Every structure is written in C-alpha cells, then in structure tokens.
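Q: This is the structure I have questions about; it appears just below.
The values are calculated or read from the model by the stated rules, or taken from the named source; none is laboratory data. All figures in this text were calculated on a predicted structure; none of them were measured in a lab. Cβ placement follows ideal geometry from the backbone for every residue including glycine, while neighbour counts extend to all protein chains displayed. The protein model used for the area step is the full one, side chains on, heavy atoms only, and it has no ligands, DNA or RNA in it. Shrake-Rupley method; radii C 1.70, N 1.55, O 1.52, S 1.80 Å.
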Amino acid sequence: MPYTESASCRVSGKRRADIRGIISVSVTATADEARQAVSEASGDGLQLRKSLVTYPSKRIAVTKRITVVDEVDLGQSKPAVKTVIRADAAVITADKKILSGKLLTKGEAEVSLLYVPEDSSNKAESIRFAVPFSQISDVEGLDERYDVMISANVSDCEIKPSGKSGNNTVSCELNIEISCLAMRFESILIAMDAYSTVYESSLEMSEEDIECVPQEISESCKTKASLTYYDGEIVSVMCAGAEVGKLDAVTNADGSVSVRGRITYFAYAENESGKPIYLEGTDEFEKKLPEEASSCSIDAHATVAQTAFKLTSSNAMEITADIRLKGYLFGCKSHRFISGITVDEASPLEKDCDIAMKLYYAEKGEEPWDIAKRTHTTLSAITEENDLGEEVLTEPKMILIPIVD
C-alpha cells in the first residue's frame, strides 16, 4: 500500500510546475508454518491437561480493482462547473457477502469537489456527493467457512465538467482497490501439561505466538488544528478540509492498543487583496482502542467524515475534523504446549500400596490438577472423591487423595 509522506511544488515556467514528494510503500508478508503438538496420548498411566487452541488453518488474499464511471447532477442550488480546483474521494461504506464462491462487495464513495463556476463573477464553490459502487469477484476456494475482511480505497479520482454550457453535471471516474483477506480458523484440543501415574516422565515443551481471530475496528475521534496566514489577512474561506495518511498500531504498557497517524489540514481562502491563498499544516493524532492484544498489527484506513472551521483572528483559523477509523486489528497470543512426551518404564514411581487413601490439606488458590500431579493420582479420582467442580480452590479444605495403580 503506497502512502504520500510529503509533497511540494514550484513554478518553473508560465505553464509548468514541478512537483516533488516522498511516497512510502507498506508491505506485509505472512506465512503459515506447521508445528508439532501433542493432542492425544494413552497408556502407562498418562494424564493430559488440554486446552482449546484456535488457529488459522488457511488464508486467501486477493486484490480487485474496479472502475466506476458516473454522471453526477450537482443540483439547481449549485452553479455549473468551469474548472476543477481540487477533487478528493474516499470510501465511506463497504459491505461484503459470499455467494457460491463469489465475493460481492458494494458501498459508497464520497467525493469532495472544489471548483470555479462558469459564472466567473462567483467565488469558488465546494460540494460533496456520494457515488455507489458494487462488484462481484471470483475468489478461488472461498466459501462461508472463512472470516472475510475487506478494505476499499480510492486510488484515483477524476472529475470533469460536462462541457455543455448550462449543464449542471460532472463526469466522475473513480478507481477503487478492494483488498480481501479471507481466513479460515479451526480449533483443536492440545496438551499443555502431562504426567504419568506409574513411571517417571519428561516433557518436551514448545512456545509459539498463534494468530488470533482479527478484531474489527470501527471508531471515531475528533481533532483540531490552527492555520496561520503570515502575509496578510484572511477575508473569507472558500473550503477547509483534512486528510489522513498512514496508520500505525502501538501496544501500550497497560495492554491496550492505540492507533496513530498523521493528519494534514488545508484551507483555500481569500486575502484582503481578493487573491486566493492556500494554507496547510500537519499534526499527529492518536486514538486508544478498547481492544487488547499482546502483539499486534493493523490494517485500517481513516476517512474524514466532516470538517468545520472558524476564524480565530484576522490572519488565523481553526479547523476541526471528525475522523472515522475502519479496519482490523491483527493480534497474536502466546501458547505453551507439549510437543513430545517421554515415559521411562525403567523408573517406576514409588507408591505406598498398603493404603488406599491419603489426607491432604489444600490451600486457597491451589488447582486440583497440580495436586493430582504432585501426588501421582488422577484428576478425575480427586474431583469425584471430593466432589470438586472448580479449577481453582476458592477456600482452604481437606482433600482426600485416592491411591491409584
């Protein structure tokens, strides 16, 4: 995904302007890797403590591009377009549905247009309008068992006046990139601890970060900034807005996740001489999410839902922007599990075969599993004998320990 870090221009001739900038490209590489884990083991008095682990078994990643061409009527309240000064577009809604192995995506893109009317006596006009889009795409292997995540972004926006005098319509052409990531998650019980009630045993342990089911992000925040005109006074403002660049996710010390990004504020105005001026400024913003993740990355985009401005002095103004964050938070959870068990049949455990039951004083917070493992009996024997239902003892109590063969 490319992002514009900065851009500048200078006039090099009467009909020529040189534009320079910095564009960064963000690339995410993923790979599925197999790991050995013990899920079943029997014989030699083996006891397993299992836990349910959810993991991504398959994934599909595709990018589709669609072109939307539409004729938009600006309405009777707006004058016809003579020259387009600025045109921005962003996807504001995007929905998806799986139909017989096909991916249906539909939504709306909002276009912000600043233009010079045909009546040159009028000042520049601004307008916003929505353009619907829909697409049915073939995605090999996709079905209802997958969790599907999509993101839609406008890569190019071209607005042209109709060219007919008195015709209040514009030709709108949008290129939209739809990125689809489909992940199929499965769950399995794997052994986290084990022991033998008959022989000495040893465990081979592994620890891996396993990707969790992505969490959808749908948040909003409000930001504001001040712009100052240092060469005179601001008489009127034709248009004010903001745009957001690349987003990053940061895990805070308390386990929460924050989204950070850079926002650029801009304004087209008029000075005391009646000449048009352009003001611009950048700032950082941060939004704390309610989700938590031990390690995470983010695939999200931000759109500016609306902006408002006010003049704070003769040469300064304040812009307020409402930002909507849409996307997904990808997190991992660390799991420690058994990858191998060795039972030494040459080293039987010492047991007092003359007794059938032991008495054990358990402290609050102890787990019946740990008690069974330490006393070389089974968890089921302890829980059934003492009518225990909880995994952790909530109070001190006397525990009967059955001696098993």
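Q: Of the peptides 248-256, 336-344, how do they stack up when ordered by the mean number of other Cβ atoms within 10 Å, highest first?
A: 336-344, 248-256
Q: Ok, one more. Give the residue from Ala17, Leu359, Ala267 lying farthest towards the positive end of the charge dipole for the chain; charges sit on Cβ (+1 for Lys and Arg, -1 for Asp and Glu) and the dipole is referred to the Cα centre.
A: Value computed over the given set: Ala17.
Q: Suppose all protein chains stay in the model; what accessible area per residue would a 1.4 Å probe give for the stretch 76-185, in Å²?
A: Result: 50 Å² of accessible area for each residue.
Q: Compute the length gained on full extension between Ser126 and Asp138: take 0.36 nm times their separation in residues and subtract their Cα-Cα distance, giving the result in nm to one decimal.
A: 0.4 nm
Q: Of the residues Ala182, Ala130, Ala356, which exhibits the maximal mean-square fluctuation in a Gaussian network model of the chain defined by a 10 Å Cα contact cut-off?
A: Of Ala182, Ala130, Ala356, the most mobile in the Gaussian network model is Ala356.
Q: Normalise the Cα radius of gyration of the stretch 92-192 by 2.2 N^0.38 Å (N = residues in it) and let me know the number.
A: This ratio for the stretch 92-192 stands at 1.64.
Q: I'd like the FRET efficiency for Ser220 and Asp44, computed as 1/(1 + (r/R0)^6) with the beta carbon distance as r and R0 of 56 Å, rounded to 0.05.
A: Efficiency for this residue pair is about 0.40.
Q: Ignoring ligands, DNA and RNA, what percent of the accessible area of the chain is carbon or sulfur (1.4 Å)?
A: For the chain, the apolar C and S fraction of the accessible surface comes to 46 percent.
Q: Another question, then. Under 22 Å from the Cα of Lys58, which lysines turn up, not counting those fewer than eight places away in the same chain?
A: Lys96, Lys97, Lys102, Lys333
Q: Under a crude label model (7 Å from the Cα following the beta-carbon direction), how far is Met357 from Lys78 in nanometres?
A: Taking the simple label geometry, Met357 and Lys78 are separated by 8.5 nm.
Q: Taking the Kirkwood radius as the inverse of the mean 1/r across Cα pairs, report the Rg/Rh of the chain.
A: When Rh is taken as the Kirkwood radius, the ratio is 1.19.
Q: Distances over 13 Å make up what percent of all Cα-Cα pairs in the stretch 349-405?
A: Value for the stretch 349-405: 56 percent of Cα pairs lie more than 13 Å apart.
Q: Between Asp283, Asp370, Asp143, where does the largest GNM mean-square fluctuation fall for the chain, given springs only between Cα atoms within less than 10 Å?
A: Asp370
Q: If you stretched the chain out fully between Ser12 and Asp88, how much longer would it get, using 0.36 nm times the residue separation minus the C-alpha to C-alpha distance?
A: 24.8 nm
Q: I need the shape label for the stretch 148-275. Rule: rounded when a/c is under 1.5, else prolate if a/b > b/c, else oblate, with a, b, c from the alpha carbon gyration tensor.
A: Oblate shape, in that a/c is at least 1.5 and b/c is the bigger or equal ratio.
Q: Still on this structure, I have one more. Once the piece of chain linking Ser380 and Glu158 is laid out straight, how much longer is it, given 0.36 nm per residue of separation minus the C-alpha distance between them?
A: Gain on extension, Ser380 to Glu158, equals 72.9 nm.
Q: Sorted by average packing, counted as other Cβ atoms within 10 angstrom per residue and highest first, what order do 15-24, 74-83, 101-110, 318-327 take?
A: Put in order of decreasing packing, that is 318-327, 101-110, 74-83, 15-24.
Q: Now for a separate question. Can you work out the PRE-style zone for Arg184? Point 7 Å along Cα to Cβ, and I want the residues of the stretch 16-57 with backbone N under 18 Å.
A: Answer for this model: 31-35, 54-57.
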